[in-house]
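Only one structure is covered here, and it is reproduced in the block below.
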Amino acid sequence: MARDKFFYAGLAGFAIGIFFRSFYDFGAIFWQFLIFLAGAVLVAGFISRNRHLVLPAVFIFAVGLGVGRFDLSANRGIAPALETKIGQTVLLEGIISAEPDERETTTKLTIDPASSTGRVLVTVASYPEFSYGNKVKLRGKLEKPKNFSELNELRQFDYVSYLTKDGIGYVMFQPVITLVASGEGNFIKEKLFDFKNSFLENVGEMIPEPAASLLGGLVVGAKRSLGSDWLEKFRQVGIIHIVVLSGYNITIVAEFIMRLLAFLPRLARLSFGGLTIILFAIMTGGSATIVRASLMAILVIVARATGRMYEITRALLLAGFLMVLHNPKILVFDTSFQLSFLSTLGLIYLSPIIEKRLGFLTEKWQLRQIAGATIATQVFVLPLLLYQMGTLSLVALPANLLILPTIPWTMLFGFLAGAIGFVSQIIALPFAFIAYLLLAFQLKIVTLFAALPFASISIPYFPVSALFACYAVFAFLKFFGSKKRALQ
């Protein structure tokens, strides 16, 4: 249909414009020239009565809009008042505007200074503890973030852009920090984070580490580090996506929720599944990452339940467009967005095809469906993971097949344990015990597979050209398969 061509041309052009501008800056004159060129092509089409020029005009116009939209956000996080103080010891007062990111020995705080618009990422000791909404005073050296090399010095990580996508333009390391006041943040977010912290305290009193930290990441997206050793094991085994509540994780979990609700009528299944994801996103604090992942997860629910792949693809692309329109830097610099988008595509298109070829697997415990969903998402995100992390897990499939079926039950009993713990820990203990057994099983599987000498191999350098080539092949196979089915 003609409308579809314009729709896809517009979305593709907008994405290409943002992608191009993420790496190259030719000034505002460039996107203005593109819009002028699009107008000229459109006028030429009308004069010559050549309708074939309308589509290229739409595409060029969308590219110009994409470049222009990125230009408007290019200086996000930059504050003129702070630019003059780079490298100096400064005194700042501000509010902690995001949930503290707890690491092994340090905590990272996102500070919104009262005197400027630029956010500051502050690294402090783990104690004393601070929380969202605290007003604090800082005295330390103000610096600009710097890019750094990774993967054997073969590729540079654009840490500056990674931070500026969240409005962070400055960093401070181990400043002198004092608490001024509490309760200065958004009231709803404060209550959500308070609930989360109390929930984690309940869990921590009943479940030992590292199982408690793993459960916190699974259930409420807690930013508490498992430690570098455990994180490395999870990477080697290819199960890193369950450590934190990432978009990849939520997409998988959404699929399992729908499988668990398979006994319900379709409308009830869709309604209850969507409501569960929405409540889950709210409970975890409703961060931008979780909202994006939850939206895509709901699209998966609708697609798999109705079988309307064509319509759901347009909805997915439109959702992605709105997200990128809101914050254009996530297209290139937000891995969570990329994983969410790709894993959703995998579940929509590849998972049903794979399931049909897994007839040798039993349908008990939804094993065949879980295997199909796991393989589909693993295949679709593998090129991106190789590019981002440079590690290829050779045991990812068996590890995922063993662990993922236990994730929904772990989340269920873990949530019940933490929630009932507000009333009585004695009543909550049986639920905590079951959750702990499941968590201990998951950690044991990770330990066993990570100990294998062939668990993973390192890919020192996976070039961006190979990344695009892989997804170009996926797109070609999808197009070829659609054409083949249309001719049958």
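The values are calculated or read from the model by the stated rules, or taken from the named source; none is laboratory data. In this text the structure is predicted, and so the values were computed from the model without any measurement. Cβ coordinates were reconstructed from backbone atoms using ideal geometry, including for glycine residues, and neighbour counts include every protein chain displayed. The accessibility values were calculated without ligands, DNA or RNA, using every heavy atom of the protein model including side chains. Shrake-Rupley method; radii C 1.70, N 1.55, O 1.52, S 1.80 Å.
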Quick check on packing: order 451-461, 60-70 by the mean number of other C-beta atoms within 10 Å, highest mean leading. 60-70, 451-461
Can you give me the solvent accessible area of residue 165 with a 1.4 Å probe, rounded to the nearest 10 Å²? 10 Å²
Heavy-atom accessible area of residue 173, protein chains in place, probe 1.4 angstrom, given in Å² to nearest 10, is 140 Å²
DSSP beta bridges in the chain: the antiparallel percent, rounded to 5, is 85 percent
In whole percent, the fraction of accessible protein surface over the stretch 1-151 that belongs to carbon or sulfur atoms, probe radius 1.4 Å, stands at 62 percent
Find the Cα radius of gyration of the stretch 58-176, compare it with 2.2 N^0.38 Å by division, and give the number to two decimals. 1.22
Going from most exposed to least, what order do 243, 473 have by accessible area with a 1.4 Å probe? 473, 243
HN-Hα couplings for the stretch 325-335 via Karplus (6.51, -1.76, 1.60; θ = phi - 60°), in whole Hz with x for Gly/Pro, come out as 4, 5, 9, x, 6, 6, 4, 9, 10, 10, 5
I'd like the accessible area for residue 206: 1.4 Å probe, protein heavy atoms, all chains in place, Å² to the nearest 10. 30 Å²
Neighbour cut-off at most 16 other Cβ (10 Å), DSSP loop, trypsin sites (Lys or Arg not before Pro), the stretch 5-58: 49
Enumerate the amide H contacts of residue 455 below 5 Å, restricted to partners 5 or more residues apart or on another chain; note that Pro and chain-start residues carry no placed amide H. none
Using the structure shown, select from 5/329; 146/191; 141/165 the pairs with a Cα to Cα distance greater than 31 angstrom. 146/191
For the residue pair residue 209 and residue 427, what label-to-label distance in nm results when each label sits 7 Å from Cα along the Cα-to-beta-carbon direction? 3.0 nm
The correct pair for the stretch 303-421, radius of gyration to one decimal and Dmax as a whole number, both in Å and from Cα atoms, is 16.6, 45
Here FRET efficiency (C-beta to C-beta, residue 448 to residue 201, R₀ 35 Å, nearest 0.05) is 0.65
For every helix of n ≥ 4 consecutive DSSP H residues, a contribution of -39,500 (n - 2.57) applies; sum these over the chain, divide by its total residues, and give [θ] at 222 nm rounded to the nearest 500 deg cm²/dmol. -20000 deg cm²/dmol
Heavy-atom accessible area order for 335, 374, largest first, 1.4 Å probe: 335, 374
Based on the mean of other beta carbon atoms within 10 Å per residue, what is the order of 341-349, 82-90, most packed first? 341-349, 82-90
Report the gain in length on full extension from residue 412 to residue 51: 0.36 nm times residue separation, minus Cα-Cα distance, nm rounded to one decimal. 124.3 nm
Per residue, how many Å² of accessible area does the stretch 1-160 show with a 1.4 Å probe? 58 Å²
Please report the equivalent ellipsoid semi-axes of the chain, computed as sqrt(5 x eigenvalue) of the Cα gyration tensor, largest first, in whole Å. 37, 33, 21
Spin-label pair residue 20/residue 181, simplified geometry with 7 Å Cα→Cβ offset, distance in nm: 4.9 nm
